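What follows is a set of notes on a single structure, which appears directly below.
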Amino acid sequence: MSMREAVASFVHDGATVSLEGFTHLVPTAAGHEIIRQGRRDLTVVRMTADIVVDQMIAAGCVSRLVSSFVGNSSAGSLGELRRRIERADPEPLAFEEYSHYGMVCRYLAGSQRLPFYPLRSYGGSDLPGVNADLRKVTSPYPGPDGGPEQIYVVPPVNPDVTIVHAQRADRRGNTQLWGLTGIQAEAVYAADKAVVVVEEVVADEVVRSDPNRTLIPAHAVDAVVVCPRGAHPSFAQGYYDRDNAFYRAWSHISKDPDRLRAWLEEWVYGTADHAAYVDKLGEEFWAGLAVGEALSEPVNYGRRL
């Protein structure tokens, strides 16, 4: 599908939408298309709520955020998100906070259709004081001291749709990722529908030649969208580098609501699609994010003689 078709088909007002990719392969272009189509009252689930979430909040798409980190990826702050949470300006944003591992466990529970997932890492934390869904249950097994043990659990997350970005897929949706990966596969399995956005579609033989890179298999995928450079300003390992200058600039852009909305008008609403966004940046810009080859060694999988 095109990005426009995929968002129109799978992202509806009031939906719970997971956008995953941990620093790397952030589905930015998908977030921009959600903004263009004017979706409203979304619950966005993203472990590392970053620039694209800030933009979606500023565009009025998001009423609830579920996350374990909010920030501009080591380059500053998220102005719109902070205004919404700290001052309810221009309106409040509901925020559910977890630890990173707590979010991982929510996706694990969701992908396995479990009622909850246990973890120890909330012991001594003050997060249970701000999130009532962090609860304790009595373990059916003896604790370290031989007696009953109370252990924290988190609820599953089952998005209406998960959208992830990846390097490549075949036409059926067998999706391959490498480099810095996150919780993409579990987020896909946890969801009712899944859209994978890729830098390129490749022949079946390419995917079959390196099956261990297929982290998301075709049977879990509902749509494949080809969108080169669709993770900008994050990076796609082997395709283009991280745009550190934009991350640094975003703190200044998002600090000023008028400047932020002007940016949205020019770069999101003012572009018909991500291809237009890419063209607007220009080839000289993209040449500055080009990466050289760092090939992995071939692997002999072997075959029957």
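Note: relative contact order over the stretch 153-225, using C-alpha pairs below 8 Å and six or more positions apart, is 43 percent. Around A223, under 10 Å between beta carbons, what's the net of Lys plus Arg minus Asp minus Glu among the other residues? With Lys, Arg at +1 and Asp, Glu at -1, the neighbours total -1.
Any idea how far the Cα center of the stretch 51-96 sits from the one of the stretch 111-148, in Å? Centre-to-centre (Cα) distance: 28 Å. Solvent-accessible surface of protein heavy atoms, probed at 1.4 angstrom with all chains present, puts V198, V137 in the order V137, V198, largest first. For the stretch 102-152, the equivalent ellipsoid derived from the Cα gyration tensor has semi-axes of 20, 16, 9 Å, listed largest first.
Per-residue surface analysis assigns E297 an accessible area of about 150 Å², computed on protein heavy atoms at 1.4 Å probe radius.
If every alpha-carbon in the chain counts as one equal scatterer, what log10 I(q)/I(0) does Debye give at q = 0.06, 0.08, 0.14, 0.15 1/Å? The computed values of log10 I(q)/I(0) come out as -0.21, -0.37, -1.07, -1.20.
Could you order M3, M56 by accessible surface area, starting with the largest, using a probe radius of 1.4 Å? Provide the component values of the computation, followed by the final result.
Values: M3 25, M56 0 Å².
I get M3, M56, largest accessible area first.
In the context of the full protein assembly, W267 retains an accessible surface of approximately 40 Å², using a probe radius of 1.4 Å and ignoring ligands and nucleic acids. Proximity of backbone amide H atoms, modeled 1.01 Å from N, is registered between F95 and L65 at under 5 Å, excluding neighbours fewer than 5 places apart on the same chain.
Where a ≥ b ≥ c are the square roots of the eigenvalues of the C-alpha gyration tensor, would you call the stretch 57-112 rounded, which needs a/c under 1.5, or, failing that, prolate if a/b is larger than b/c, or oblate?
Numbers: a/c = 2.63, a/b = 1.67, b/c = 1.57.
Cα axes put the stretch 57-112 in the prolate bin.
Ranking of S234, S63 by solvent-accessible surface, largest first: S63, S234 (1.4 Å probe, protein heavy atoms only, all chains present).
Computed over the stretch 182-305, the range of Cα coordinates on each principal axis works out to 66, 38, 24 Å, biggest value leading.
Report the net charge of residues surrounding M103, where surrounding means a beta-carbon distance below 13 angstrom and charges are Lys +1, Arg +1, Asp -1, Glu -1. Around M103, the charge tally is -3.
Pairs of Cα atoms in the stretch 149-202 fall into 10 Å distance bins, from 0 up to the last occupied one, in shares of 22, 45, 21, 9, 3, 0 percent.
Which of rounded, prolate or oblate describes the stretch 118-261 when judged by the alpha-carbon gyration tensor and an a/c cut-off of 1.5?
Details: a/c = 2.52, a/b = 1.39, b/c = 1.80.
Note, shape of the stretch 118-261 comes out oblate.
How much net charge surrounds R261 when only other residues with a Cβ under 15 Å from its Cβ are counted (Lys, Arg +1; Asp, Glu -1)? Kindly include the intermediate steps, with their values, before the conclusion.
On the way: positive: R36, R83, R84, K255, R259; negative: D54, E80, D89, E91, D256, D258, E265, E266.
Net charge in that neighbourhood comes out at -3.
Note on the stretch 53-165: semi-axes of the ellipsoid equivalent to its C-alpha gyration tensor, largest first and rounded to whole Å, are 31, 16, 12.
In whole percent, what relative contact order does the stretch 124-167 give with Cα contacts below 8 Å and a gap of six or more residues?
Working: 34 pairs, mean separation 13.1, N = 44.
The normalised contact order for the stretch 124-167 reaches 30 percent.
The values are calculated or read from the model by the stated rules, or taken from the named source; none is laboratory data. Since this is a predicted model, take the numbers as computed values, not measurements. Note: ideal-geometry Cβ built from the backbone for every residue, glycine included; neighbour counts use all protein chains shown. Ligands, DNA and RNA are stripped out before the accessible areas are found, and what is left, the full protein with its side chains, is counted by its heavy atoms. Shrake-Rupley method; radii C 1.70, N 1.55, O 1.52, S 1.80 Å.
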